[in-house]
There are 2 protein chains.
Amino acid sequence: MRVAVLFFEGSEKKVEVVVKSGTPSLRALGQDYWSELVACCGATILSHISNDQMDAYLLSESSLFVWPDRLLMITCGNITLVDSVIHFLDQQGQGCVDMITYQRKNEYQSHLQKTAFEEDVERLNLRLPGKAFRLGHLDGHHNYVWHMDKVYQPVEDDITTELLMYHIEGEAADYLRGSDQTIEGIRQHLQLDALFPEFEFDEFLFEPFGYSMNAIRGDQYITMHITPQDGTSYVSFETDIDIPNECPELLNRFTDILNPSSFDLITFNADPKIALQPDVACVAHNQQQLKCGFKMEFQHFIKMAKNIGPALEI
Amino acid sequence: MRVAVLFFEGSEKKVEVVVKSGTPSLRALGQDYWSELVACCGATILSHISNDQMDAYLLSESSLFVWPDRLLMITCGNITLVDSVIHFLDQQGQGCVDMITYQRKNEYQSHLQKTAFEEDVERLNLRLPGKAFRLGHLDGHHNYVWHMDKVYQPVEDDITTELLMYHIEGEAADYLRGSDQTIEGIRQHLQLDALFPEFEFDEFLFEPFGYSMNAIRGDQYITMHITPQDGTSYVSFETDIDIPNECPELLNRFTDILNPSSFDLITFNADPKIALQPDVACVAHNQQQLKCGFKMEFQHFIKMAKNIGPALEI
């Protein structure tokens with residue numbers, strides 16, 4: 001049972017809620033409110049940063065971002081994010097919701113999760129009738145999304161890019177798995193200061209390894225979570241910045257540095273470019289225009305690799 | 001919950017047991033014995049064929065083959081094969097076992113299974129200490145194997161080739177998913193008579209679709225199981241014939257006819273060749289010399305496909 005015990009599911013569940021115009025500011029609910037909300041699914045707030053437009057909380061399992069009219073919560077591990085979503089709907093009243101998406105990313109070990117996506121959807125549908133989709137093949141990487149069944153028109157800069165990297169290798173990966181890494185060292189390996197010079201950072205280093213980062217600038221965010229364990233390593237990066245115009249080399253910089261053997265690119269109303277190495281191929285690509293105003297796109301890339309080393313003894 | 005209700009897990013669990021020299025013939029145990037054994041995991045015998053060297057039973061969920069000194073049982077769906085294995089060990093006494101391998105193939109929806117591989121291994125290890133391995137990446141196709149921790153020397157022709165095909169497409173796939181298929185029509189589409197002219201066949205057509213086949217010749221077997229449902233289609237083929245010498249075009253004939261978007265090739269002491277189309281690549285390949293005398297090899301192939309169609313509404 002070695003694998004099950006040591007295993008940590010890095011891949012995330014994610015919820016985004018936009019409240020109706022006229023709803024009191026979500027930021028005014030205060031940190032105690034958000035502490036209680038994240039506790040509903042078993043997470044705690046580790047630290048937070050704020051500016052005049054938003055609050056960013058670093059959680060024991062990923063991140064929470066709060067704007068006056070919007071919240072975005074991401075959880076990893078075996079955390080039941082749906083419990084926090086239901087809590088929010090009960091506390092604030094589902095009538096205040098203008099748009100909600102709930103997403104589950106590809107899991108390494110779905111059978112170790114407390115709930116399946118279909119069960120989460122069943123609970124959500126009892127509160128807010130919605131629609132659910134799977135992008136990608138069931139037996140390959142895939143991504144589930146549920147959204148409230150209501151027309152919504154996102155503002156023009158409401159775009160999201162998610163880059164999910166699996167099986168990282170090379171110098172940076174070795175450093176991330178090493179016993180003497182520091183926050184400063186990780187930032188240097190990932191070139192974060194060079195890539196995001198104007199952002200304010202909040203970071204946390206887990207024991208014995210693992211790194212979480214939020215960064216904000218105005219109303220924009222960046223978040224990155226690293227589960228470096230060999231064999232099930234996983235790095236997620238997400239942002240709402242306009243990558244093609246602001247940082248066109250961003251995605252390739254990360255895939256070059258972290259050298260994943262496979263990765264997924266998921267976008268909402270965004271179309272960032274990624275230049276593929278000759279040994280990398282797209283093995284699944286589909287897209288869906290969601291009624292809630294987002295064009296969601298899923299691409300799964302794999303590095304051709306004849307030999308992946310010896311079998312794993314478990 | 002549409003997906004969960006309609007979903008059938010085609011991918012198999014498999015056990016192979018060799019009993020020690022001097023053990024009474026397993027064939028002499030008779031059909032009643034095997035009916036009881038397969039009932040332990042919820043399966044039933046649909047039909048059987050025999051010759052002077054072996055018995056082949058077609059099951060409600062896959063197949064059982066019995067030789068005087070060996071048994072091979074394959075189950076699909078949500079059947080707990082490990083229950084039948086434990087029953088056999090209890091009935092016959094684990095002291096009679098010379099070699100045992102227990103395998104679980106890549107599952108579409110592992111969270112819908114009643115047990116995980118690690119749980120099966122825990123139960124098996126209580127009877128017979130063993131070793132367990134995973135071949136392939138956890139987030140891609142992979143194959144689990146457990147074997148008794150005992151040196152064993154298989155006879156020279158004890159070789160196995162498994163070809164597992166996912167997401168079949170094209171004329172044969174359409175026929176298999178159609179409402180008016182017949183056993184004769186399936187044999188023609190798959191060219192079974194031409195490929196295996198000397199074998200005796202036993203076949204079953206499920207409602208509304210699905211096809212299972214055993215075929216035997218002397219002490220050799222072929223077995224094929226088709227779950228054609230669109231989106232989670234799966235075809236498994238397995239044999240102990242010496243493919244390179246007896247039927248070198250076999251694997252490519254099946255991948256040409258069934259046109260899977262991904263497939264796994266798993267071998268035990270066998271090295272059949274497969275010629276890849278230009279749009280197909282191997283994305284994971286590893287091998288393991290098992291202490292029980294088998295060199296096990298796993299290869300996962302994927303067809304490069306930019307667009308896999310629209311998202312699936314669930």
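Annotation: of all residues in segment B:275-314 being exposed (fewer than 14 other Cβ atoms within 10 Å of the Cβ) and either on the phi > 0 side of the Ramachandran plot or in contact with a helix residue (DSSP H, G or I) (Cβ under 7 Å, 6 or more places away or on another chain) (or both), the one that is nearest to the other protein chains (Cβ to nearest Cβ) is B:GLY309.
Residues checked against (1) of a type in the set (Ser, Thr, Tyr); (2) out of contact with any Cys (no Cβ under 7 Å at 6 or more places or on another chain):
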position: A:LEU29; (1), (2): no, yes
position: A:SER35; (1), (2): yes, yes
position: A:GLY42; (1), (2): no, yes
position: A:SER50; (1), (2): yes, yes
position: A:LEU59; (1), (2): no, yes
position: A:SER62; (1), (2): yes, no
position: A:MET73; (1), (2): no, yes
position: A:GLY77; (1), (2): no, yes
position: A:THR80; (1), (2): yes, no
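Answer with yes or no whether A:PHE133 is in contact with a helix residue (DSSP H, G or I) (Cβ under 9 Å, 6 or more places away or on another chain), of a type in the set (Phe, Trp, Tyr) and surrounded by 18 or more Cβ atoms within 10 Å (Cβ to Cβ). Spelling it out, it is not the case that A:PHE133 is in contact with a helix residue (DSSP H, G or I) (Cβ under 9 Å, 6 or more places away or on another chain), of a type in the set (Phe, Trp, Tyr) and surrounded by 18 or more Cβ atoms within 10 Å (Cβ to Cβ). Of all residues in segment B:92-108, those that are under 15 Å from B:ARG70 (Cα atoms) have Cβ atoms under 6 Å from Cβ atoms of residues that are modelled with pLDDT of 95 or more and polar (S, T, N, Q), 6 or more apart or on another chain, in B:CYS96/B:THR23. Of all residues in segment A:121-167, those that are within 17 Å of the chain's Cα centre (by Cα), in a loop (DSSP other than H, G, I, E, B) and of a type in the set (Val, Ile, Thr) total 1.
Within segment B:3-43, the set of residues being within 29 Å of B:GLU198 (Cβ to Cβ) and among the β-branched types (Val, Ile, Thr) comprises B:VAL15, B:VAL17, B:VAL18, B:VAL19, B:VAL38. Checked against (1) more than 11 Å from chain B (Cβ to nearest Cβ); (2) of a type in the set (D, E, K, R); (3) surrounded by fewer than 22 Cβ atoms within 10 Å (Cβ to Cβ), A:LYS114 passes all but condition (1). A single entry from A:LEU26, A:LEU81, A:LEU37 fulfils the requirement of being within 15 Å of A:TYR221 (Cβ to Cβ), buried (at least 18 other Cβ atoms within 10 Å of the Cβ), hydrophobic (A, V, I, L, M, F, W, C) and at pLDDT 95 or above: A:LEU26. Scan segment A:225-261 for residues that are assigned to a loop (DSSP other than H, G, I, E, B) and in contact with a Ser or Thr (Cβ under 6 Å, 6 or more places away or on another chain) and the total you get is 1.
What about B:LEU135, is it in contact (Cβ under 8 Å) with a residue 24 or more places away in the chain, touching a Phe, Trp or Tyr at 6+ places or on another chain (Cβ under 7 Å) and within 22 Å of B:PHE8 (Cβ to Cβ)?
So B:LEU135 does not fit the description; no.
Figure legend. Inter-residue proximity from segment A:171-194: first residues at negative phi, second residues in a helix (DSSP H, G or I) and exposed (fewer than 14 other Cβ atoms within 10 Å of the Cβ), beta-carbon distance below 8 Å, spacing 6+ or different chains. Indicated pairs: A:ARG187/A:ASP193; A:HIS189/A:GLU171. Can you tell me which residue within segment A:132-177, out of those that are small (Gly, Ala, Ser) and farther than 29 Å from B:MET165 by Cβ, is nearest to the other protein chains (Cβ to nearest Cβ)? Result: A:ALA173. With respect to being more than 26 Å from A:PHE209 (Cα to Cα) and in contact (Cβ under 8 Å) with a residue 40 or more places away in the chain, A:VAL85 fits the description.
When we screen A:ASP256, A:ASP230, A:ASP180 for residues that are within 14 Å of chain B (Cβ to nearest Cβ) and surrounded by fewer than 18 Cβ atoms within 10 Å (Cβ to Cβ), the only hit is A:ASP230. The single condition among (1) hydrophobic (A, V, I, L, M, F, W, C); (2) touching a strand residue (DSSP E or B) at 6+ places or on another chain (Cβ under 6 Å); (3) over 30 Å from B:PHE117 (Cβ atoms) that A:VAL121 does not meet is (3).
Of the strands (runs of 3 or more DSSP E) contained entirely in segment A:1-110, those carrying at least 1 residues that are within 14 Å of chain B (Cβ to nearest Cβ) and polar (S, T, N, Q) fall at A:97-104. Is one or more of the residues making up segment A:262-271 at pLDDT below 95, closer than 20 Å to A:PHE237 by Cα and outside any strand (DSSP E or B)? Yes.
The values are calculated or read from the model by the stated rules, or taken from the named source; none is laboratory data. Here the structure is a predicted model, which means the values were calculated and not measured. As a convention, Cβ positions derive from the backbone with ideal geometry for all residues, glycine included, and neighbour counts pool all protein chains shown.
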